[in-house]
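Participant: The following block contains the structure, expressed as structure tokens.
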Amino acid sequence: MAREKFRYKIVHPYIEEVQPQNDFLDIEIEVGTKKYRGSVTTTEFIGERLEEYEQTGENKGGSYFCAKGMIILKNLKDRTIRKTIEDLLERGDLQDFLDS
């Protein structure tokens, strides 16, 4: 299967620098005329939120973390994000995980 060309950009209104091991980004992906939006994050980010929720009582005291249209990555480096998008496109799964 031929690789589909795509472009992605971070659309979250970020001021501070992205922390590749511990952050949460909203992204937009363009594949031809189609656009997809969603979020990417790391397990470290989720773990820290669960600990915070335990203290604040949110999400039943840190019992869960959820977000619609989210993909969990090892890190948020450009290479990792691109490899993930490429793989999901090759598998035909991108639309299953992100909103169009």
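The values are calculated or read from the model by the stated rules, or taken from the named source; none is laboratory data. Given the structure is predicted, the values throughout are model-derived calculations rather than measurements. A quick note on method: Cβ atoms are made from the backbone with ideal geometry, for glycine too, and the neighbour counts reach across all protein chains shown.
Participant: Criterion first (among the polar types (S, T, N, Q) and touching a strand residue (DSSP E or B) at 6+ places or on another chain (Cβ under 9 Å)) does SER39 satisfy it? Write out each step before concluding.
Facilitator: Values: among the polar types (S, T, N, Q): yes; touching a strand residue (DSSP E or B) at 6+ places or on another chain (Cβ under 9 Å): yes.
Answer is yes for this residue.
Participant: I need the full set of residues from the range 1-46 which are part of a loop (DSSP other than H, G, I, E, B), free of Cβ contacts under 8 Å to residues at least 40 places away in the same chain and surrounded by 16 or more Cβ atoms within 10 Å (Cβ to Cβ), in order please. Full working, then the answer.
Facilitator: Filtering the range 1-46 for residues part of a loop (DSSP other than H, G, I, E, B) gives 1-6, 11-23, 32-33.
Of the ones still in play, those that are also free of Cβ contacts under 8 Å to residues at least 40 places away in the same chain are 2, 5, 11-17, 22, 32-33.
ASN22, the sole residue that qualifies.
Participant: What are the residues in the range 87-100 that are farther than 14 Å from GLU30 by Cβ and either in contact with a Pro (Cβ under 8 Å, 6 or more places away or on another chain) or of a type in the set (D, E, K, R) (or both), if any?
Facilitator: Passing the criteria: ASP87, GLU90, ARG91, ASP93, ASP96.
Okay, residues lined up against (1) touching a Lys or Arg at 6+ places or on another chain (Cβ under 7 Å); (2) modelled with pLDDT under 95; (3) surrounded by 14 or more Cβ atoms within 10 Å (Cβ to Cβ):
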position	(1), (2), (3)
ARG49	no, no, yes
LYS68	no, yes, no
THR80	yes, no, yes
GLU86	yes, no, yes
ASP99	yes, yes, no
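Participant: A follow-up question, please. Against the condition closer than 14 Å to THR84 by Cα and among the small types (Gly, Ala, Ser), how does GLY32 come out, does it pass? Can you show your working first?
Facilitator: Working: closer than 14 Å to THR84 by Cα: no; among the small types (Gly, Ala, Ser): yes.
So GLY32 fails the test.
Participant: If we keep just the residues of the range 51-66 that are under 19 Å from LEU25 (Cβ atoms) and without any contact (Cβ under 8 Å) to a residue 12 or more places away in the chain, which is surrounded by the fewest Cβ atoms within 10 Å (Cβ to Cβ)? First the steps, then the outcome.
Facilitator: Just the residues of the range 51-66 that are under 19 Å from LEU25 (Cβ atoms), to begin with: 52, 65-66.
Now drop any that are not without any contact (Cβ under 8 Å) to a residue 12 or more places away in the chain, which leaves 52, 66.
Numbers: GLU52: 12, CYS66: 7.
Only one residue tops the list, namely CYS66.
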